[in-house]
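Here is the structure we will look at.
The values are calculated or read from the model by the stated rules, or taken from the named source; none is laboratory data. Not measured: the values here are computed from a predicted model. With ideal geometry, Cβ positions are generated from the backbone for all residues, glycine too; neighbour counts draw on all protein chains shown.
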Amino acid sequence: MAFSSLPFLAVPVVLWCALGVGLLLTFRRSTSERLLRLAACFVALWALLATTSLLWVLRHGGLGGIGALARSPALLFAPSSAPLWLWGGVGAFALLAVAFVLNQAVGRGFLYLHETEEIPWPSRFPRPRGATSLLSLRSERLEAFSFTLLELSARSLPRRREVIVLSSRLLRVLDPQEMEAVVAHELGHVRDLDSRYLTYLRTLARLLRWDPVLATVAGRLTRREEFAADLAAVELTGRPLALARALEKLLLLGNVRGSGRLVSGLFGPGGQPGRRELDERIARLRSLAGAPTEAAQRA
């Protein structure tokens, strides 16, 4: 069988591999903005490869097609597979579009269904340049998170609006310095484009729960960006202990209330892994301030 189309159809695979290597090399050293855009391209090409492979398997007998493709991956690049790559591109675009629409719908639905009100910005730092809303959510849960909405208008081009949400109970239990630190943490996410790219990647990972690669990429990026947002909060406020106190206080209150898990957002993914991550974040913040960590105090 001739594979004259191999040089052309293999381009997405080469680019995907190159982006994967780039992610590994830049994971710790690259800026958040560059890393997240690289991850978005990686996921887009992954969707193309996965969708095309699925179409090929379905066309060639399901389980039998899986075995054939596993024995000879080059079959995917045969000239006869070119139409599948076109349909795979359509399918990948549809998948990414569904994830984007779902991400936007969840954000808009959340604001529509819950009673929110705009609250003033902390006086110690200026309002961001772009369209950004700081909202209070009437809720007895301990929540703080940010996301990006795309606003459409018949009179102008679509524009992005960053939304930072703090629950009403959160505002009650934090003192002013701790509240400033929490807002600064969320502004760090906005600055690093986490509310634009990372929430979208997490939505896509939830849609494709069976894919361990995408779940790993989204999970590790989430962990990395939580630490980066903590540092951004320290740079903006100059008070690492304020954010550490907020995390400690909310961790304690979450345990006392028996909520079952900490909310996703400022307080991490929840469960035992989330608790370990919170402990590590608190220790890092206290070390930045030169304060003894809880482990050192017990020793």
- Note on the structure: (1) closer than 24 Å to Asp194 by Cβ; (2) surrounded by 14 or more Cβ atoms within 10 Å (Cβ to Cβ); (3) without any contact (Cβ under 8 Å) to a residue 60 or more places away in the chain all hold for Leu24 apart from (2)
- Item | All positions within the stretch 156-181 that are of a type in the set (S, T, N, Q) and either in a loop (DSSP other than H, G, I, E, B) or under 15 Å from Arg138 (Cβ atoms) (or both) | Ser156, Ser167, Ser168
- Which residues, taken from the stretch 15-51, are of a type in the set (Val, Ile, Thr) and farther than 21 Å from Gly91 by Cβ? Val21, Thr26, Thr31
- Query: In the stretch 211-227, which residues are more than 13 Å from the chain's Cα centre (by Cα) and touching a residue at least 60 places away in the same chain (Cβ under 8 Å)?
  - Reply: Asp211, Val213
- Note on the structure: Those residues of the stretch 60-79 that are in a helix (DSSP H, G or I) and farther than 21 Å from Leu45 by Cα come to a total of 6
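Quick grid of which residues meet (1) modelled with pLDDT of 90 or more; (2) under 21 Å from Glu225 (Cβ atoms); (3) assigned to a loop (DSSP other than H, G, I, E, B):
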{"residue": "Leu95", "(1), (2), (3)": "no, no, no"}
{"residue": "Phe100", "(1), (2), (3)": "no, yes, no"}
{"residue": "Phe125", "(1), (2), (3)": "no, yes, yes"}
{"residue": "Ser136", "(1), (2), (3)": "yes, no, no"}
{"residue": "Ser139", "(1), (2), (3)": "no, no, yes"}
{"residue": "Leu142", "(1), (2), (3)": "no, yes, yes"}
{"residue": "Ser146", "(1), (2), (3)": "no, yes, no"}
{"residue": "Ala154", "(1), (2), (3)": "no, no, yes"}
{"residue": "Val183", "(1), (2), (3)": "yes, yes, no"}
